[in-house]
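So the structure is just underneath, and the comments pick up after that.
The values are calculated or read from the model by the stated rules, or taken from the named source; none is laboratory data. Just so you know, these numbers come straight off a predicted model, no measurement behind them. Positions of Cβ are backbone-derived with ideal geometry, glycine not excepted, and every protein chain shown enters the neighbour counts. Areas reflect the complete protein model, heavy atoms only, side chains present, ligands, DNA and RNA absent. Shrake-Rupley method; radii C 1.70, N 1.55, O 1.52, S 1.80 Å.
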Amino acid sequence: MQKIAAVSLQPGMVIARNVFSTEGVLLLGTGTVLDDAYIQRLRLFGLTSIYIKNPFTDQMADSDIIDTIPEVVREETRVQAVQIVHTAFQNLSDTGQVDSQQFKETALFLIDEVIKNKGAMIHLTDIRSRDGYTFGHSVNVCVLSTLTGVQLGYNTLQLRELALGALLHDTGKMLIPKEILVKPGPLTTAERNHMEQHPDLGFDILRRQGEIPLISSHVAYQHHEKFDGSGYTRNLGGSEIHEYARIVAIADVYDAITSDRPYKDGTLPHEAYEIMMSLANTHFDPVILRTFLNQIAVYPLDSIVRINTGEIALVIKVIPGLQTRPTLKIIVDAAGHRLNNGPEIDLTKNLTAFIDKIFTPTEILDLDANLA
Ligand SMILES: [Fe+2]
């Protein structure tokens, strides 16, 4: 399964994962073979990318080697959460009222599912339309933060406070004019100053809601503070920033850099991993960052990579904490011959072998075509 930008879609590609609109309507189901009309329809709905099938996995002798990619939250759950958050945030910008109950219930069912799937890693990023970015982002930041809270050994109460704060972290953005929010280019100084008020604006609304724990409101208030004190809005640093907000700050940036935007493709997980690591101590709490990154599949299942010995391989197994050394199955030998049942290499045992390249979806299709 490979995520491919909507602009690169071609007839004949096979959909690997259901595609939904922001309203939760199924646009195209798994297994659909794309034609020009379908591609037109996907672009019309403002989808920036979709998942397509990896031709190499289908051709392999034991093609069930990667049956399903274990997910932290099922797609149906995610779509349902995005829908509720969409309606609730829409209400907030129309009426100024926060439907606390809706947010609390959503946080609860997301927590339930993250706990149920404990041990699953983040392999996939969700697909968002241009208009639905903030809603999908809020849900994903909630999932990533909750997962981190579980790893840190949080109890139920802590997980509820954290998840709710994460879901509501960008509440203040509902009060920022849409022209600024969705402006594709860089913001002017005045626009940026306005945008940077969203943590204050969010806190101001949320702290007045009796049903929302004050600590969750503080997550919205503090999520742009940085560990070294260089963030906004109050230049808090280190332990002055609540631990929940330190978690959400990490999830927020990770989700922002890995998701596709109308003006750019999302960064691949291994690049995002490096970027996040480079921000330890300055932007992020290094201990929490380590816990967070251990849950990210740097080389997700079903990725295609090149090893330093020249072979090309499929990622078939990933272990949390050892994500940079997955188990691989060779699909092209060093001489360039396709193998339908190549050997497996466990990189945690073969310490001289390392991955020196990960193939983009377009490169995978080219590779498949050139080997035929
Ligand atoms: Fe924010």
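Count of segment 51-61 residues, restricted to those that are surrounded by 14 or more Cβ atoms within 10 Å (Cβ to Cβ) and either in a loop (DSSP other than H, G, I, E, B) or free of Cβ contacts under 8 Å to residues at least 60 places away in the same chain (or both), is 3.
If the condition is being open to solvent by 30 Å² or more (accessible area, probe 1.4 Å), away from the ligand (no atom under 16 Å from the Cβ) and closer than 20 Å to Leu279 by Cβ, then segment 192-229 contributes Phe227, Asp228.
Within segment 234-246, the presence of at least one residue that is free of Cβ contacts under 8 Å to residues at least 60 places away in the same chain, within 15 Å of the ligand (Cβ to nearest atom) and surrounded by fewer than 16 Cβ atoms within 10 Å (Cβ to Cβ) is confirmed.
In segment 169-181 there is no residue matching the filter, namely being out of contact with any Phe, Trp or Tyr (no Cβ under 9 Å at 6 or more places or on another chain), away from the ligand (no atom under 14 Å from the Cβ) and touching a residue at least 60 places away in the same chain (Cβ under 8 Å). Filter segment 305-323 down to residues that are of a type outside the set (Gly, Ala, Ser), modelled with pLDDT of 90 or more and more than 13 Å from His123 (Cβ to Cβ), then give me how many there are. So the answer is 8. Taking the criterion of being in contact (Cβ under 8 Å) with a residue 24 or more places away in the chain and open to solvent by 10 Å² or more (accessible area, probe 1.4 Å), the residues of segment 287-301 that qualify are Thr291, Asn294, Gln295, Tyr299, Pro300, Leu301.
Each residue in segment 327-341 was checked for being surrounded by fewer than 14 Cβ atoms within 10 Å (Cβ to Cβ) and of a type outside the set (S, T, N, Q), and 4 pass. Restricting Val114, Val150 to residues that are free of Cβ contacts under 8 Å to residues at least 60 places away in the same chain and open to solvent by less than 10 Å² (accessible area, probe 1.4 Å) narrows the list to Val114. With the structure loaded, tell me whether Thr125 is closer than 30 Å to Ala297 by Cβ, open to solvent by 20 Å² or more (accessible area, probe 1.4 Å) and among the hydroxyl-bearing types (Ser, Thr, Tyr) or whether it fails that test. It is true that Thr125 is closer than 30 Å to Ala297 by Cβ, open to solvent by 20 Å² or more (accessible area, probe 1.4 Å) and among the hydroxyl-bearing types (Ser, Thr, Tyr). The listed residues are Thr348, Thr324, and the only one of them that is among the β-branched types (Val, Ile, Thr) and either buried (at least 19 other Cβ atoms within 10 Å of the Cβ) or touching a Phe, Trp or Tyr at 6+ places or on another chain (Cβ under 9 Å) (or both) turns out to be Thr324.
Among the residues of segment 326-343, is any among the polar types (S, T, N, Q), within 25 Å of Pro70 (Cβ to Cβ) and in the same structural domain as Thr125 (by TED's automatic domain parsing)? No, that holds for no residue. Pairing each residue of segment 26-45 that is closer than 13 Å to Met13 by Cα with any residue that is charged (D, E, K, R), provided the two are 6+ apart or on different chains, yields C-beta distances under 8 Å for Leu28/Arg41; Thr30/Arg17.
Whether any residue in segment 71-94 is loosely packed, with under 13 Cβ neighbours inside 10 Å and not in a helix (DSSP H, G or I) is what I want to check. Yes, there is a match, as at least one residue in segment 71-94 is loosely packed, with under 13 Cβ neighbours inside 10 Å and not in a helix (DSSP H, G or I). Within segment 156-168, the set of residues being aliphatic (A, V, I, L, M) and either farther than 16 Å from Ile250 by Cα or more than 12 Å from the ligand (Cβ to nearest atom) (or both) comprises Leu157, Leu159, Leu162, Ala163, Leu164, Leu167. For segment 229-288, the set of residues classified as among the charged types (D, E, K, R) and within 27 Å of Leu42 (Cα to Cα) consists of Asp252, Asp255, Asp260, Arg261, Lys264, Asp265, listed by residue number.
Of all the listed residues (Thr106, Thr30, Thr48, Thr22), the sole one being in the same structural domain as Thr148 (by TED's automatic domain parsing) and either over 25 Å from Arg338 (Cβ atoms) or open to solvent by 50 Å² or more (accessible area, probe 1.4 Å) (or both) is Thr106.
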